[in-house]
Each structure stands twice: as structure tokens, then as C-alpha cells.
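Remarks on the structure that follows.
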Amino acid sequence: MKQYTINLMVCAGTGCVSNQSFEIKEALEKEILKHNLQNEAQVVTTGCNGFCGAGPIVVVHPEGIFYQFLKVSDIPYLVEEHLLKGRPVKKFMYVPPKEEIPIPRMNQIPFFSGQTLVALRNRGMIDPEFIEDYIARGGYRALAKVLTTMSPDEVLNEIKKSGLRGRGGGGFPTGVKWETCKKIQSDRKFVICNADEGDPGAFMDRSIIEGDPHSVIEGMIIGAYAIENIKEGYIYVRMEYPLAIKRFNIAVQQAKDNGLLGNNIFDTNFSFDIQVRRGAGAFVCGESTALMASIEGNPGEPRAKYVHTVERGLYDCPTCLNNVETWANVPQIILKGADWFTSIGTGDVSIDPWGGSKGTKVFSLAGKVNNTGLVEVPMGITLREIVFHVGGGIRDGKKFKAVQTGGPSGGFIPESLIDLPVDYDELTKIGSMMGSGGMVVVDENNCIVDMAKFFLRFTQDESCGKCIPCREGTKRMYDILERITNGEGKEEDLDLLDELSNMVVESSLCALGGSAPNPVITSLKYFRDEYIAHVKDKKCPAHICRPLLTFTIDEKICLDAGHGCGVCKKNCPDDAIIGERKKAHKIDPVKCGKCGVCFDVCNFNAIKID
Amino acid sequence: MPKLKIEDLEKITEDYKRKMTLRDGGGKVKINVHLGTCGIAAGARKIISTFMDEMEKSKVTDVILITSGCAGLCSREPMATIEVLGNAPIKYVDLTPEKAKIIFEKHVLNGEFVQEYALSVGSEKIQ
């Protein structure tokens, strides 16, 4: 095999691909050829690096030099300087916020050094479309280990002992789920990988699939072996993830070609196969019963779960469904042992499987934070560490207001609670949830009522409509929030919102409705002041809800600094600005459409918003 | 395609080891060829190719070859710094492909440094 001395790892996750990383790869190859370096430097595409906010990203090994925000036009210079002359290029390196000196190496950047990688251990290190890369980093060893040295019961016990809990949101102990499925007598059973990740702002699963699809497949094979009597598995991938679907298909085909899926794996009696299914394009299909209905070819609607899917799931057979990240953790637990896994995280799971949260969790960090992207951190880390250390703090030096965890089903966590350790139970206690791991940071310029409305709008749109509390309840709640943000809210509305929230939570059929009011409940609980300001004072403290704003012109500034320049008057679409050139201008509140154009065009900050 | 056997996993890993060592930034020995304008002019490229050929021939997996800028002593280029993990780095000067071969053989593979081609032991202090 050809050996190179330099590897250029080009991030080819969805984020970087949309920022032209494939074009960058082409340009790199072209320049390398031009300088006759093709025998020294190899360009490798990898899965998502995690630091999506800085994409497109190229990491140059062996030094591990991290380049960000690259453009195709930068490549000739980069290749000539770094590869030909051996001088890493400072101007493409990462510079921490408010500092000037760049950090050249990837592992010295706080965003990366603050993380603990288990599920994402191969990210940026392998080409996800080559099975050999995965094997070379310890891949399929766990499978070899269980098939040759462990009985199915031993595998199950190891997973139970590890305290691994479902990473898709609910946090149900994986070992308990497997055991229940194992105990039920049936000739046909299934395992499913739920890759229908739909939360706005969440991309953990996508990134694992795009970066390391074989780890998920290996986890599923091990799961099927431990539960026994399972010959078939399904991977259900969200329709909107074309790259993830492609990489899964490639990986499954490679596993089949190499005999890692199919009959008599590693020449043992164990046989298992996997099919990849493209999702139906609805958020609710991420719910286990709706997902199974969708695989069967039926409309993706949930059913009541008085009989659990581990007993009667897909085609009425016992089915064990786990999330992408959960499966990706399994091979590592088998290889390194349950004791290693329990050494990371919180609580004690030796007696009660619900007694703690073990291992790591991948979060997608988004919103008003400096370093947006994907982070994997140990359970029990505080939100403050995630936001301020790994995330690099709030953008533009603004003030932190809240973190929304768990996507549209989670809740807002205010500043007073950000020193809380992040695990399943602590987050649930304060009214939010781990969810699949979305984390949206909210700063002082975000209106909490508006945010709650945004998330509710999403769940209301995605409600499948089968049960009334979810279909009608979220609709009415949305109407009330709409009223409040339009300045037509009444104080009684807040009590009504409380009551409706509880009703929807209590009486919805599935977890979509059961958790949809969480953003409203938590924002009412922790940010009631903001609601009161909206309904009572008719003001939006964050200046987001336009109908509640009043625009005025500071006549002194207008005259002294701007000499009545008239730019605002010229640009006002409503002709609401009165005044002559070289004199102070005024806004006619009756005509003002509150569009904010005057604020944007005024060069002297004379427009005031209240 | 034949089915993979468990032994094959180890074989693939062995084949890919150098690639992975490279990406991990690990490796027992680091060869650093100085590639300033002076180095390039004096023929540092040939030195790199020599080291690469030798790495290929000897099938080592834990050696990484990196390049860096001018080391400051332009009159003695081509230069290379060799660092065996845990030992002080050694700077070699006035290299030729023949000298590079000997250095690779003795220092990189066997850990004995070649006094006659060496300039100094250790690195400058970085303030």
C-alpha cells in the first residue's frame, strides 16, 4: 500500500459540504499535483469534525494543524506554504474570541480539548466510506470478541452493568430494554436503529452516521447477538439526510461484501442482516411506534403503548429499537468493559439502572454561542462548562439568558441553574430534558416568548393529528402566544396557558404531545417577568416582538450629529417620518408600520426602540 | 469478495498502521526536514524523498516525517532534526541523500545518533 507523509483531512459533513468542502478537496488535489507532491500528500474526506461554525475545515496531519473558513481561492497559497515550504499558514488558523494569537493545533483548541470522545471517537480520523479505516482503528474487534469469547447472556450483562441509557431522549436503560426483548418468546424479532433525527438544531446522529457509520452497524450486530433470535435489522434514516443515507448504504454494502453481515458471520453460527430505510419525512416518525408503522408501509402515526414495542413492535414481533448514538456506544463498552464506562458520568447504576447517567453525551451546540457545532462531553459536566468553555461563551459579548435543551420537547434553563450537572435526571427535575441532545443558547437579544412560540409552532406543525389534545391543544396554545406577541395578550392568558399545557402533557397519545408544551411550561416558570411585560406593560424587553415596539427619534442626536440628514425619511416604506432636511425628524406613531428600516439605515443611532 | 476472518482484522490494522500513526500525530521517531527557501534551494526535497523511500523499504510504522520552515542556519542546509521520543532532538546539517540513508539506518531505526553529521543536540529555547 502506498504510504504518504502528509494527510489532509477535509471535513465532508453536511455543514462543510454545503460550504464547498468537495470543491476544496478538488482544489487541494489539483495544487498537490501541480507541485508534484502527490506521492507525499494524500487528501482524505472525513465525517463531521464537530466545529461546524468554522467550516469548511481541513486538518493537516501529522502535526494536526487546524485550518478553518477556507475558500477555494485560498488553496494555492495554503499548499505552497504549508506543503511545499513547510510553513503552516497562520491566517487560516483558529483565533479564540477576543484574542489575537492563533492556535495552530486542533487538540489545543478549547472546543476540542474540552471534549471526551466515545461515540465520536473516529471523527475526523477516518474516511467513513472505507471499511479498512474503521477496522484499522479497532473496528469490528468488539464483534469478533463477542462472537468468539462471549455468550449472548454475557454480552447482555456487560451492557446492563455499563448503565448505558437510551441516547434518543427518554434515557431508558438499554440493558433492561434488551433483556425484556430477549425474554419474550418469538420466532421472529427485530432490532432497529432510529436515525430519524428531527429536532430543529439537532444533528448529533447525522454526524455520527456521516463520520462513522460502521460503529452503528457493529453495535446493532452485537445487540442482535445478545438478544438472540434476531436475523433482521432496520436502519430508519431521516429523509432529509441524503448524505447519511448514502454513507449508511455504502457501509452496509461493505459489511455484506466482507461477510460482517449475512450468514455465518466470522464463520460462526450467527447470522444477521440489515436494511436501510429512508424516512417518510415527518417528525413524528421518530417516535418508535410511528417509525415501525412507517417501515411496514403504513402512515406514520403513533399508537398507544400499553403493549410496549419490545413485546409487539414491527410486524407485531418483539422489536428492540435504539438510537444511533446508543448503538455507537455499544462496541466501545464491549471492548473496554462496563467498568470503564461507569467510571465516566454520574450516580450509581450497580443496583438501580435508573440510578445515574453513565458515559458521555453528544450535544449539538447552536444559537448565540461562539463555537457552534457538535460536542461530546462526559455526563455530569455543567451547562456553564459546555456554554462558556467548550462553546467559547456568548457571541458579541452579549449577556447569557437561557439554554434550551432537548429541542422542541425540552425546556429553557435560566442562568440561575446553569451550574447544574447535565444528566438525564437533573434535567428532568428542572422541567427540561436531555432529549436527543439539541442545545440552543439564548442571549439577551432573544425574546423568550417568541422562542417558545417558535418551538410550539414546530411541534404544532408536526403533530400527526391522531389525538385531539396534541392536535387542538397545541394549536390553541400557539394562538395564545401569537396573541401575546401581537400585544393583545391578557394576564389571564398566562393561567390559561398553564392549564392547557398540563392538559396536553397529561392526555396526549405519544411523547410528541406529551413534551410539546415543555418550552412554554419552563419559560412561564423561569421567565414569567417577560410574559408579564408582554401582557401587562405591552413591551417586549428583548425588542423582538415588533407590534409591541415603539420607534422614536432622539431629536437632539438627529439634529446635532446627523444634521437632519433625512435618510430615514427617504427609506421609510410607510411615509411615517416627518421633518425637513437639516431639521430634527419625527415618527408618526399612527402611520409607523414598525418595520425597523429607519433603525437600520440611521448612521447616528438616533432611532430609539422601546 | 472473500469473507473476513478474525485474523484479517489484525492484518488490515497492521497494513494501515502507518497511516493511522500519521493521523494520530504519534510515532516513536519524528523526522523534521527544514523546508525554508534556503533548504529547498539546497535540495531538501531530495532529502525528503530519500527518507520516504527508506521508510517504505524498512516498513516502519511508527516514524513520522514532517516539514518545517527555515531553521536559521541557511549556509548549512539541507538540514533535518530527528527526535526519538523521550530524547533530545538532534540537528543534522549539510545533508545529502547518502548521508540521509545512513542517518535513517543508524539513528531512526537503531537509535544511535550519527555524530559526524550532527550539528548540535537539543533545540533553541522558545520564549
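The values are calculated or read from the model by the stated rules, or taken from the named source; none is laboratory data. Nothing here was measured: the structure is a model prediction, and the numbers come from that model. Neighbour counts run over all protein chains shown; Cβ positions are idealised from the backbone, glycine included. Ligands, DNA and RNA are stripped out before the accessible areas are found, and what is left, the full protein with its side chains, is counted by its heavy atoms. Shrake-Rupley method; radii C 1.70, N 1.55, O 1.52, S 1.80 Å.
Could you tell me the center-to-center distance, by alpha carbons, between region A:463-502 and region A:44-68 in angstrom?
Result: 44 Å between the Cα centres.
For region A:541-553, what does the Karplus curve 6.51 cos²θ - 1.76 cosθ + 1.60, with θ = phi - 60°, yield as ³J(HN,Hα) per residue in whole Hz, taken in order and with x for Gly and Pro?
x, 8, 6, 10, 7, 4, x, 8, 9, 10, 9, 9, 10
Hey, can you rank A:542-550, A:248-256 by average C-beta count inside 10 Å, highest first? Don't skip to the answer; put the middle values down first.
Details: A:542-550: 17.0, A:248-256: 20.0.
Highest mean packing first, the order is A:248-256, A:542-550.
Please sort by residue number the trypsin sites (Lys or Arg not before Pro) in region A:73-160 whose DSSP state is loop and whose Cβ has at most 12 other Cβ atoms within 10 Å.
Values: sites: A:LYS85, A:LYS90, A:LYS91, A:LYS98, A:ARG105, A:ARG121, A:ARG123, A:ARG137, A:ARG141, A:LYS145, A:LYS160; in loops: A:LYS85, A:LYS98, A:ARG121, A:ARG123, A:ARG137.
The qualifying sites are A:LYS98.
If you count, for every residue in A:255-261, the Cβ atoms of partner chains within 10 Å of its Cβ, what is the mean?
Working: counts 1, 1, 4, 6, 6, 3, 0.
Mean shielding by partner chains, rounded to a whole number: 3.
Could you tell me which of rounded, prolate or oblate describes chain A, using a ≥ b ≥ c as the square roots of the eigenvalues of the alpha-carbon gyration tensor, with rounded for a/c under 1.5 and, failing that, prolate when a/b is larger than b/c and oblate otherwise? Intermediate results must be reported in sequence, preceding the final value.
On the way: a/c = 2.27, a/b = 1.32, b/c = 1.73.
Because a/c hits 1.5 or more and a/b fails to exceed b/c, chain A counts as oblate.
What average number of partner chain Cβ atoms lie no more than 10 Å from the Cβ of the residues making up A:55-63?
On the way: counts 0, 0, 0, 0, 1, 1, 9, 11, 7.
Across the residues of A:55-63, the mean count of other-chain Cβ atoms within 10 Å is 3.
Let me check against my output: what whole-number percent is the relative contact order of region A:309-358, with C-alpha pairs under 8 Å and at least 6 apart? Could the numbers behind the result be given before it?
Values: 35 pairs, mean separation 9.6, N = 50.
Relative contact order of region A:309-358: 19 percent.
May I ask which residue of A:PRO517, A:LEU481, A:ILE468 lies farthest towards the positive end of the charge dipole of region A:457-610, with charges of +1 (Lys, Arg) and -1 (Asp, Glu) on Cβ and the Cα centre as origin?
Looking along the dipole axis, the top candidate is A:LEU481.
How big is the Kirkwood radius of region A:414-519, worked out from every pair of different alpha carbons and given in Å to one decimal? Don't skip to the answer; put the middle values down first.
Numbers: mean 1/r = 0.0677 Å⁻¹.
Here the Kirkwood hydrodynamic radius works out to 14.8 Å.
Work out from phi, with θ = phi - 60° and the Karplus expression 6.51 cos²θ - 1.76 cosθ + 1.60, the ³J(HN,Hα) of each residue of region A:98-104, listed in order in whole Hz, and give x for Gly and Pro.
Couplings: 6, 10, 10, 8, x, 9, x Hz.
Any idea what the relative contact order of region A:44-124 is, in percent, if you count C-alpha pairs under 8 Å spaced at least 6 apart? Could you put the intermediate results ahead of the total?
Values: 78 pairs, mean separation 23.8, N = 81.
Result for region A:44-124 is 29 percent.
Given H placed 1.01 Å from N in the peptide plane, which residues other than close sequence neighbours of A:GLY313 have an amide H under 5 Å from its amide H?
HN-HN under 5 Å from A:GLY313: A:THR319.
Using the heavy atoms of the protein chains alone and a 1.4 angstrom probe, what is the accessible area of the protein assembly as shown per residue in square angstrom? Walk me through the numbers before you get to the answer.
Numbers: 30330 Å² over 737 residues.
Here the residues of the protein assembly as shown average 41 Å² of exposed surface.
Can you list residues whose amide H is under 5 Å from A:GLY281's amide H, if they're 5+ apart or on another chain and H is modeled 1.01 Å from N?
For A:GLY281, the qualifying residues are A:MET239.
What distance in nm separates the two pseudo spin-label positions at A:GLU80 and B:SER49, each 7 Å out from Cα along the beta-carbon direction?
Result for the modelled spin labels: 2.2 nm.
Quick check on region A:342-383: take the gyration tensor over C-alpha atoms, sort the square-rooted eigenvalues as a ≥ b ≥ c, and tell me if it's rounded (a/c under 1.5), prolate or oblate. Mind dumping the intermediate values first?
Details: a/c = 3.59, a/b = 3.25, b/c = 1.10.
It is prolate, given that a/c is not under 1.5 and a/b is the larger ratio.
Please state the relative contact order of region A:492-552 as a whole percent: Cα pairs under 8 Å, 6+ residues apart?
Working: 35 pairs, mean separation 12.9, N = 61.
Worked out over region A:492-552, it gives 21 percent.
What's the angle, to the nearest 10 degrees (0 to 90), between helix A:324-336's Cα axis and the longest principal axis of chain A?
50 degrees
Divide the volume of the convex hull of the Cα atoms of region A:223-290 by its number of residues and quote the answer in cubic angstrom per residue. Present the calculation step by step, with values, prior to reporting the outcome.
On the way: hull volume 5.7 nm³, N = 68.
It is 84 Å³ per residue.
Lysine pairs in region A:429-572 8 or more apart or on different chains: how many have alpha carbons under 26 angstrom apart?
26
What's the magnitude of the charge dipole for chain A around its Cα centre, counting Lys and Arg as +1 and Asp and Glu as -1 at the beta-carbon? Answer in Debye, nearest 20. Display every interim value, and only then the final one.
Details: 70 positive and 78 negative charges, 180 e Å.
Charge dipole, chain A, about its Cα centre: 860 debye, nearest 20.
With everything on Cα atoms, drop me the angle between helix A:474-485 and the longest principal axis of chain A, reported from 0 to 90° to the nearest 10.
Orientation of helix A:474-485: about 30 degrees from the principal axis.
Kirkwood Rh over Cα pairs of region A:541-603 into Stokes-Einstein at 10 °C, 1.306 mPa s: D in µm²/s? Please report the intermediate quantities before stating the final value.
Numbers: Rh = 11.8 Å.
Roughly 134 µm²/s, to the nearest whole number.
Which of the aspartates and glutamates could a cross-linker bridge to A:LYS182, judged by Cα under 20 Å and excluding same-chain residues fewer than eight apart?
A:ASP153, A:GLU154, A:GLU158, A:GLU218, A:GLU228, A:GLU232, A:ASP273, A:GLU311, A:ASP316, A:ASP352
What is the dipole size for region A:206-290, taken about its Cα centre, with +1 at each Lys and Arg Cβ and -1 at each Asp and Glu Cβ, in debye to the nearest 20?
Working: 8 positive and 10 negative charges, 67 e Å.
That gives a dipole near 320 debye.
May I ask you to find the residues of region A:65-104 that are shielded by at least 20 Å² of accessible area once the whole protein assembly is considered instead of their isolated chain (probe 1.4 Å)?
Relative to the lone chain, where solvent access is computed with a 1.4 Å probe, region A:65-104 loses at least 20 Å² at A:LEU84, A:LYS85, A:GLY86, A:ARG87.
Using a 10 Å cut-off around each Cβ of peptide B:4-15, what is the average number of partner chain Cβ atoms that fall inside?
Partner-chain Cβ atoms within 10 Å, mean over residues of B:4-15: 6.
What would the Debye formula give as log10 I(q)/I(0) at q = 0.15, 0.16, 0.29 Å⁻¹ for the alpha-carbon point model of region A:475-523, no solvent?
-0.37, -0.42, -1.11
Of A:LYS71/A:LYS401; A:LYS361/B:LYS5; B:LYS19/B:LYS106; A:LYS25/B:LYS30; A:LYS401/A:LYS608, which pairs sit farther than 25 Å apart, going by alpha carbon to alpha carbon?
Details: A:LYS71/A:LYS401 34 Å; A:LYS361/B:LYS5 33 Å; B:LYS19/B:LYS106 23 Å; A:LYS25/B:LYS30 27 Å; A:LYS401/A:LYS608 23 Å.
With Cα atoms farther than 25 Å apart: A:LYS71/A:LYS401; A:LYS361/B:LYS5; A:LYS25/B:LYS30.
Taking chain A as the reference, fit the longest principal axis to its C-alpha atoms, fit the long axis of helix A:242-257 to the helix C-alpha atoms, and give the angle between the two in degrees, 0 to 90, nearest 10.
Between the helix axis and the principal axis of chain A, the angle is about 10 degrees.
Just check region A:249-333 against the gyration tensor rule for me: Cα atoms, a ≥ b ≥ c as the square roots of the eigenvalues, rounded for a/c under 1.5, and otherwise prolate or oblate depending on whether a/b exceeds b/c. Numbers along the way, then the final one.
On the way: a/c = 2.01, a/b = 1.76, b/c = 1.14.
Here region A:249-333 falls in the prolate category.
Could you point to the residue in A:GLY355, A:PHE551, A:VAL216 farthest towards the positive end of chain A's charge dipole, with +1 and -1 charges on the Cβ of Lys/Arg and Asp/Glu respectively?
A:PHE551
Name the residues whose placed amide hydrogens come within less than 5 Å of the amide hydrogen of A:THR360, ignoring near sequence neighbours (fewer than 5 apart) on the same chain.
For A:THR360, whose amide H was placed from the backbone, the distant partners under 5 Å are A:MET379.
Taking the simple approach of a point 7 Å from Cα along Cα-to-Cβ for both B:LEU73 and A:LYS98, what is their distance in nm?
Here the answer is 4.4 nm between the modelled labels.
With a 1.4 Å probe, how much accessible area is buried between chains A and B, both sides summed, in Å² to the nearest hundred?
Numbers: alone 25430 and 8260 Å², together 30330 Å².
The summed interface area works out to 3400 Å².
Report the longest stretch of chain B that contains none of the GluC sites (Glu not before Pro) sitting in a DSSP loop with at most 15 other Cβ atoms within 10 Å. Present the calculation step by step, with values, prior to reporting the outcome.
Working: sites that count: B:GLU112, B:GLU124.
Counting at most 15 other Cβ atoms within 10 Å as exposed, the longest clean stretch of chain B is B:1-111.
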